[in-house]
Amino acid sequence: MMERGYTADYAARVFKQLEGFGSYGFPESHASSFALLVYISSWLKCFYPDVFACALLNSWPMGFYQPAQIIIDARKHGVEVRPIDINHSDWDNTLEEKAGKYCALRLGFRQIKGIREEDMQLVINNRHQPYTSINALRDTGLSDKVLIKLADADAFRSIGLDRRQALWEVSTKDNPIELYKGHPAPAAANEKQIELPFMQLSEHVVEDYATTGLSLKAHPVRFLRPQLDQLHVTTTADLSRLRNGDRVKVAGLVLVRQHPGTAKGVLFMTIEDETGNANAVIWESVSQQYRNEILSSRLILLEGKLQIEGLVIHIVVEKCHNLSRLLKRLTPSHNYGLSVSSHPDTTPQNIFFGGRNFK
């Protein structure tokens with residue numbers, strides 16, 4: 001500034017002003033930019049929830065919520081969500097024809113855990129006409145490993161096979177050649193008809209979460225409601241019917257644990273049952289007392305006092321109980337399970353269903 005003719009005193013005063021602005025200028029501009037993004041996102045979600053959900057899923061991992069919660073919210077807003085299918089899905093989630101007010105959302109192959117886009121392009125590029133058998137997919141060059149992942153994800157419904165039937169057909173590996181290539185293998189005359197064990201809906205739901213992290217069939221807590229009713233547990237949807245200060249019990253899958261450094265030891269938790277979400281506030285003394293339950297629970301029961309301020313509802317937690325053992329009842333063999341991230345740091349921790357063994 002002095003080289004351009006300004007005095008040293010004037011330059012020092014200008015610099016002092018700039019220095020002061022630096023202490024709040026960035027947060028202010030950041031807040032303004034974030035407010036614009038929130039406004040645009042809210043407008044999209046209000047008028048185009050189908051487009052909004054599809055875009056979020058295709059941009060994942062990002063944001064606060066897992067795909068299961070994005071889909072649950074979209075369905076609550078009137079969006080029809082359709083399952084992954086070998087004859088209808090692309091790699092990305094896509095919008096199909098209108099089903100009511102909004103376009104139907106078709107889940108893409110990208111939602112299947114551990115599957116590669118290159119393999120799914122084989123399915124898409126060779127889909128000149130609908131597939132009618134697993135052998136037709138095998139003829140595109142797909143390995144049995146990929147076919148098993150598709151069967152696990154229940155992606156063969158359009159050819160009349162549920163996941164167990166599809167897994168059985170993949171495992172038999174009876175693949176016709178030449179003239180009969182691509183067609184189902186005829187049953188041998190002396191081959192006994194195999195009657196596979198019936199899969200309960202709860203088993204399908206657990207498998208859905210294990211392979212894709214979500215289920216369009218039902219919510220896992222739905223199957224545990226009789227046991228929760230015996231414990232006098234209120235559904236999250238019924239919380240709004242209670243009064244401020246009421247004592248309450250709620251239970252659900254742990255979606256989020258937040259332990260912000262600026263919250264003076266307060267831990268925030270969001271849980272989900274088959275009717276919706278509930279937010280909980282856990283003071284530091286309570287979080288220390290129930291540390292094991294908070295960290296290790298996949299399904300948690302919270303006891304406390306209801307806090308209602310307008311449309312905002314919280315549970316101020318006094319006791320925590322780990323009910324994860326109930327999840328084992330969702331499958332007769334107890335071989336399938338749900339696991340949840342268990343690190344209550346400053347970033348959101350979301351539920352995910354991993355592997356097939358309870359830990």
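Every number in this text was worked out from the coordinates using simple rules, so none of it is lab data. Remember, it's a predicted structure, so these values are computed and weren't measured experimentally. In this analysis, Cβ positions are derived from the backbone assuming ideal geometry, glycine residues included, and neighbour counts consider all displayed protein chains.
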(Q) Positive end of the dipole of the range 1-112, charges at C-beta (+1 Lys, Arg; -1 Asp, Glu), about the Cα centre: which of TRP60, SER32, TYR10 has its Cα farthest in that direction? (A) SER32
Q: Determine one quarter of the surface area of the Cα convex hull of the range 258-303, which equals its mean projected area, and express it in nm² to one decimal.
A: 3.4
Q.
Taking a virtual spin label 7 Å from the Cα of ARG329 along the C-beta vector, which residues in the range 267-304 bring their backbone nitrogen under 19 Å of it?
A. 272-275, 297-303
Q: Assign one of three labels to the range 54-128, namely rounded, prolate or oblate, based on the Cα gyration tensor with a ≥ b ≥ c the square roots of its eigenvalues; rounded applies when a/c is under 1.5, prolate when it is not and a/b is larger than b/c, and oblate otherwise.
A: oblate
Q. Which whole-Hz ³J(HN,Hα) couplings does the range 290-301 yield from phi under the Karplus relation 6.51 cos²θ - 1.76 cosθ + 1.60, θ = phi - 60°, glycine and proline marked x?
A. 10, 4, 4, 5, 5, 7, 9, 6, 9, 10, 10, 10
(Q) Can you give the FRET efficiency to the nearest 0.05 for ASN292 and GLN227, using r as the Cβ-Cβ distance and R₀ = 22 Å? (A) 0.55
**Q.** Low-density loop positions, trypsin sites (Lys or Arg not before Pro), the range 1-52 - DSSP coil, at most 16 other Cβ in 10 Å
**A.** ARG4
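Mind checking the full-extension length gain between ILE124 and LEU36? Use 0.36 nm per residue of separation minus the Cα-Cα distance, one decimal, nm. If you can, show how the numbers build up before the last one.
Numbers: separation 88, 0.36 × 88 = 31.68 nm, distance 3.80 nm.
Once the chain is fully extended between ILE124 and LEU36, it gains 27.9 nm.
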(Q) Whole-Hz ³J(HN,Hα) for each residue in the range 313-328, computed from phi via Karplus 6.51 cos²θ - 1.76 cosθ + 1.60 with θ = phi - 60°, x for glycine and proline: what do you get? (A) 10, 10, 10, 8, 7, 10, 9, 10, 9, 7, 10, 4, 4, 5, 5, 5
Q. Hey, what do the phi angles of the range 250-263 turn into as Karplus ³J(HN,Hα) couplings, whole Hz, using 6.51/-1.76/1.60 and θ = phi - 60°, x for Gly and Pro?
A. 10, 9, x, 6, 6, 8, 9, 10, 10, 10, x, x, 8, 9
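I'd like the FRET efficiency for ARG13 and VAL51, computed as 1/(1 + (r/R0)^6) with the beta carbon distance as r and R0 of 56 Å, rounded to 0.05.
0.60
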Q. The range 234-291: which trypsin sites (Lys or Arg not before Pro) are DSSP loop and have at most 10 other beta-carbon atoms within 10 angstrom?
A. ARG243, LYS264
